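What follows is a single structure, written as structure tokens, with notes after it.
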Amino acid sequence: MKGCYFWPVYGELDEICFPFFESRAHSNVEKVLGLSPVEGGVLLSDGYGAYEAYAGKTGLTHAQCWTHCRREFINAEAAEPALAAKALESIGALYALEAKIREAKLKGTPSASTGSITHGRSSRRSSAG
């Protein structure tokens, strides 16, 4: 049996699609997202190197998923319990802040200098992962 992959993609208009590929080749990211992303966009992904390479090639800001980051600190707990606990506590604080933002239904406003959103979700965001 041959392995295959669905790459979930969340678009800037809140759409979701699941493109199918037979491999995890870096070129598949370009096939899904194209080489002309939204200016000032952010690519939110897991730690797979294809996304970092794509962001570098297109000028997107690459933001990695906190869940994937958090998993690495959980894996490190046996080797460095104090440092891992501190990192997990900090990530937990970010999760709590995000929950407050969602509960308050904050939308944010674009920053004049960067075009980024200070709170909430940007309509100019592209993400995969």
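Note that region 16-30 has calculated 3J(HN,Hα) couplings of 10, 9, 10, x, 9, 9, 7, 8, 9, 4, 4, 4, 5, 4, 5 Hz, one per residue in order, obtained from phi through the Karplus relation 6.51 cos²θ - 1.76 cosθ + 1.60 (θ = phi - 60°); glycine and proline are x. Taking a Cβ cut-off of under 15 Å around LYS86, the surrounding Lys, Arg, Asp and Glu residues balance to a net charge of -3, with basic ones at +1 and acidic ones at -1. If you plug the beta carbon distance of ASP14 and ILE101 into 1/(1 + (r/R0)^6) with R0 = 22 Å, you get a FRET efficiency near 0.85.
The HN-Hα couplings worked out from phi for region 69-78 by the Karplus form 6.51 cos²θ - 1.76 cosθ + 1.60 (θ = phi - 60°) are 4, 4, 4, 5, 6, 5, 5, 8, 4, 5 Hz, whole numbers, x standing for Gly and Pro. Label-point separation (nm) for MET1 and HIS26, each offset 7 Å from Cα along Cα-to-Cβ? Taking the simple label geometry, MET1 and HIS26 are separated by 3.1 nm.
Rule-based calculations on the coordinates, nothing more; no lab input. No experiment lies behind these values; they were computed from the predicted model shown. Virtual Cβ from ideal backbone geometry, glycine too; neighbours counted across all protein chains shown.
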